[in-house]
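Trainee: Got a structure for you, questions after.
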Amino acid sequence: MKNSLLLLFLFSGIFSLVHGQINSPDENVVITTNKGKTQAHTNESGKLLVNVSPRDVSEFKKNGFVSYFDFGAKGNGKTDDADAIAAAHAFANQQGLAVKADAGATYYIGGKDRTAVIQTDTDFGTANFIIDDTKVENRNSSVFLVSSGLQPFKLEGVSSLKKNQEKIDVALTKNCLVTVTNSHIRRYIRFGLNQNNGSPQTDIFVVDKNGNIDSNAPIIWDFDQITDITALPMDETTLTITGGRFTTIANQAESKYTYYNRNIAIRRSNVLVDGLEHRVVGEGDHGAPYGGFINIRDCSYVTVQNTILTGHKTYRTIGSAGKPVSMGTYDITVNRALNVSFVNCTQTNDINDRTYWGILGSNYCKNLVYDKCTLSRFDAHMGVANATIRNSTLGHMGINAIGSGSFTVENSTIYGRTLINLRSDYGSTWQGEFIIRNCVFVPSGGSPARASLIGGSYSGQHDFGYTCYMPERITIDSLHIDDSNHPEGYKGPTIFANFNSDFTDDSYVEKFPYVRTREVILRNVTTASGKVLRISDNPFMFKDVKVNTN
């Protein structure tokens with residue numbers, strides 16, 4: 001057989017990532033089909049050289065899959081198998097073959113800067129993977145990158161967009177995920193101990209071949225000017241990743257904002273992750289934070305189900321305001337992604353253990369779902385358009401969000417400080433409505449607390465880069481507030497927290513006025529204390545809110 005040479009240029013990241021997330025690996029993989037042994041190794045320049053014997057090529061094609069042992073993995077929990085794992089996936093991607101981990105194996109993955117690119121169905125099965133982060137060459141190098149073979153391109157002919165626009169004048173070969181930016185406008189100008197100057201206005205949406213925009217994930221900003229617009233074709237088939245028992249040996253780096261991204265990075269639309277487990281060991285009294293073991297970005301229609309995750313220990317550092325802060329550290333992150341669902345997911349730690357940070361962080365997302373999950377936190381930092389939490393239990397960090405559209409919480413139990421917290425560092429804003437049905441709220445996990453359903457803070461003196469809103473309508477139908485453990489002098493739960501203790505009469509002037517809730521609809525709200533639900537400890541601020549109990 002004549003020698004064949006394939007140079008696989010691994011998919012490079014389109015965007016810089018939130019929290020210093022990964023750029024896709026820039027090394028190349030060279031695959032040859034020479035006579036001799038099937039093997040893989042790294043040369044002096046860092047390239048992964050893979051040779052597959054002609055006989056093995058035929059055998060692998062006949063079987064329809066490859067395994068890590070086929071490419072030299074030892075699976076003994078001691079020998080570094082990173083090259084063999086990456087080689088197996090590279091060859092499988094070339095030939096369109098599935099990948100199956102070897103039953104009973106324990107793969108050790110050391111600190112080498114090596115990423116395995118997944119573009120075909122992968123069954124990790126019952127195999128164990130030990131990811132050692134104690135000595136890492138590149139903390140931004142993912143262990144696995146789930147990517148598409150389709151390439152992004154600049155979208156020509158679109159110079160402006162309007163909020164809720166239904167169609168753009170383009171003709172495409174297939175459905176695309178479109179990301180648009182106006183770098184001349186800053187949004188999400190953060191306030192507080194992690195203050196910053198905001199981010200360029202950006203949006204992400206799905207467009208079909210005829211230019212129709214998916215109405216379930218609408219454009220949320222006006223773009224009078226566009227500085228960049230990129231389309232990423234969407235794979236039509238679902239890529240499935242099943243099983244796998246992963247253990248991260250935690251890094252021992254200095255406690256500062258140098259995020260580790262030794263993870264499974266998903267950068268492809270239409271992906272199902274089913275039955276994965278991730279645990280963390282070796283956390284000490286210091287360490288750098290993590291940017292999510294499952295890290296989902298720039299994609300749509302991703303489901304993570306029947307998966308066990310682990311919260312990370314909380315460490316502190318000095319924030320941008322020069323004062324000590326707790327660092328966010330995550331086992332799940334979702335950024336610039338649409339239609340992402342977590343179904344029947346749990347975590348190994350106690351969801352009410354405050355020594356562990358909340359498990360999810362997200363930015364610029366639309367249509368996020370928790371269903372049948374028991375997790376410590378739901379969080380949308382720089383906005384989510386539409387979110388649903390149902391049949392779930394949320395722990396000590398509860399529900400934190402800003403955004404727009406509908407936020408529905410149903411058939412769930414919430415142990416946070418408030419039922420829903422509107423993040424004050426981004427303006428405590430939600431332009432839309434809240435719908436709460438058949439829920440139980442246990443303020444502060446049952447610790448003595450003064451209960452409020454909707455939390456947040458807004459002084460009206462900071463420009464966040466947008467008008468800030470409270471939900472226009474809040475519907476609460478069948479809610480039990482377990483406020484049995486409350487402090488002395490407790491007057492009963494409130495609908496709204498005291499968003500601004502200085503705003504007690506008409507003399508207070510908001511430089512950036514807050515658009516407050518118009519209507520609250522209450523049906524069958526009960527309390528363990530027997531005390532009546534009140535509007536707020538600061539009733540003046542909410543004097544124009546209509547409360548409907550009929």
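Trainee: Among the candidates 80, 123, single out the residue that is touching a Ser or Thr at 6+ places or on another chain (Cβ under 9 Å), modelled with pLDDT of 95 or more and crowded, with 16+ Cβ neighbours inside 10 Å.
Mentor: 123
Trainee: Within segment 506-534, track down each residue that is closer than 25 Å to residue 464 by Cβ, out of contact with any Asp or Glu (no Cβ under 7 Å at 6 or more places or on another chain) and not basic (Lys, Arg).
Mentor: If the condition is that a residue be closer than 25 Å to residue 464 by Cβ, out of contact with any Asp or Glu (no Cβ under 7 Å at 6 or more places or on another chain) and not basic (Lys, Arg), then 506, 507, 509, 510, 513, 514, 515, 519, 520 are the ones that fit.
Trainee: Okay, moving on. Just name the residue that is nearest to residue 263 (Cα to Cα) out of those in segment 133-169 that are of a type in the set (Lys, Arg) and in contact with a strand residue (DSSP E or B) (Cβ under 8 Å, 6 or more places away or on another chain).
Mentor: 139
Trainee: Could you check segment 301-312 and list, in sequence order, the residues that are of a type outside the set (A, V, I, L, M) and surrounded by fewer than 24 Cβ atoms within 10 Å (Cβ to Cβ)?
Mentor: Scanning segment 301-312 gives 301, 303, 305, 306, 307, 310.
Trainee: Just the residues that are surrounded by 13 or more Cβ atoms within 10 Å (Cβ to Cβ) and in a strand (DSSP E or B), please, taken from segment 527-550.
Mentor: 527, 534, 535, 536, 547
Trainee: With respect to residue 210, is the statement that it is polar (S, T, N, Q) and touching a Gly at 6+ places or on another chain (Cβ under 6 Å) true?
Mentor: So residue 210 does not fit the description; no.
Trainee: Suppose we filter segment 58-106 for residues that are part of a strand (DSSP E or B) and of a type in the set (Ser, Thr, Tyr); how many remain?
Mentor: Residues flagged as part of a strand (DSSP E or B) and of a type in the set (Ser, Thr, Tyr) within segment 58-106 amount to 3.
Trainee: Could I ask something else about it? Those residues that are under 14 Å from residue 522 (Cα atoms) and aliphatic (A, V, I, L, M), I need them from segment 434-461; list them, please.
Mentor: Across segment 434-461, the qualifying residues are 435, 436, 453, 454.
Trainee: Looking only at residues that are closer than 20 Å to residue 493 by Cβ and modelled with pLDDT of 95 or more in segment 449-461, which one is surrounded by the fewest Cβ atoms within 10 Å (Cβ to Cβ)?
Mentor: Out of the qualifying residues, it is 457.
Trainee: OK, next. Pairs only if they're at least six apart or on different chains, beta carbon under 7 angstrom, first in segment 537-550 and within 17 Å of residue 475 (Cα to Cα), second of a type in the set (Ser, Thr, Tyr) and at pLDDT 95 or above; list them, first residue then second.
Mentor: 542/536; 545/517
Here's the yes/no breakdown for (1) among the aliphatic types (A, V, I, L, M); (2) at pLDDT below 95; (3) in contact with a helix residue (DSSP H, G or I) (Cβ under 6 Å, 6 or more places away or on another chain); (4) loosely packed, with under 12 Cβ neighbours inside 10 Å:
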position: 139; (1), (2), (3), (4): no, no, no, no
position: 142; (1), (2), (3), (4): no, no, no, no
position: 157; (1), (2), (3), (4): no, yes, no, yes
position: 161; (1), (2), (3), (4): yes, no, no, no
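Trainee: Output the strands (runs of 3 or more DSSP E) that fall wholly within segment 301-357 and possess 1 or more residues being at pLDDT below 95 and under 18 Å from residue 258 (Cα atoms), or say none.
Mentor: Counting at least 1 such residues, we get 316-318, 324-326.
Trainee: Right, another one. Identify, by number, the condition in (1) of a type in the set (A, V, I, L, M); (2) closer than 26 Å to residue 216 by Cα; (3) surrounded by 20 or more Cβ atoms within 10 Å (Cβ to Cβ) that residue 272 doesn't meet.
Mentor: Going through the list (1) of a type in the set (A, V, I, L, M); (2) closer than 26 Å to residue 216 by Cα; (3) surrounded by 20 or more Cβ atoms within 10 Å (Cβ to Cβ), residue 272 breaks only (3).
Trainee: Right, another one. Which residue out of 438, 411 is touching a strand residue (DSSP E or B) at 6+ places or on another chain (Cβ under 9 Å), surrounded by fewer than 24 Cβ atoms within 10 Å (Cβ to Cβ) and more than 24 Å from residue 338 (Cα to Cα)?
Mentor: Values: 411 fails: more than 24 Å from residue 338 (Cα to Cα).
The unique qualifying residue is 438.
Trainee: Sort out which residues of segment 258-275 are of a type outside the set (Ser, Thr, Tyr) and within 20 Å of residue 141 (Cα to Cα), and write them in order of number.
Mentor: If the condition is that a residue be of a type outside the set (Ser, Thr, Tyr) and within 20 Å of residue 141 (Cα to Cα), then 261, 262, 263, 264, 265, 266, 267, 268 are the ones that fit.
Trainee: Are there any pairs, at least 6 apart or on different chains, whose C-beta atoms fall under 7 Å, with the first in segment 67-82 and more than 21 Å from residue 56 (Cβ to Cβ) and assigned by TED's automatic domain parsing to the domain that holds residue 47 and the second among the hydrophobic types (A, V, I, L, M, F, W, C) and not in a loop (DSSP other than H, G, I, E, B), and if so, which?
Mentor: 77/130; 80/109
Trainee: So which residues in segment 227-259 are within 16 Å of residue 297 (Cβ to Cβ) and among the hydroxyl-bearing types (Ser, Thr, Tyr)?
Mentor: 230, 259
Trainee: Scan segment 462-511 residue by residue and report those that are among the polar types (S, T, N, Q), surrounded by fewer than 16 Cβ atoms within 10 Å (Cβ to Cβ) and outside any loop (DSSP other than H, G, I, E, B).
Mentor: Answer for segment 462-511, where residues must be among the polar types (S, T, N, Q), surrounded by fewer than 16 Cβ atoms within 10 Å (Cβ to Cβ) and outside any loop (DSSP other than H, G, I, E, B): just 478.
The values are calculated or read from the model by the stated rules, or taken from the named source; none is laboratory data. In this text, all values refer to a predicted model and were calculated from it rather than measured experimentally. Glycine also receives a Cβ, built like all others from the backbone with ideal geometry; neighbour counts cover every protein chain displayed.
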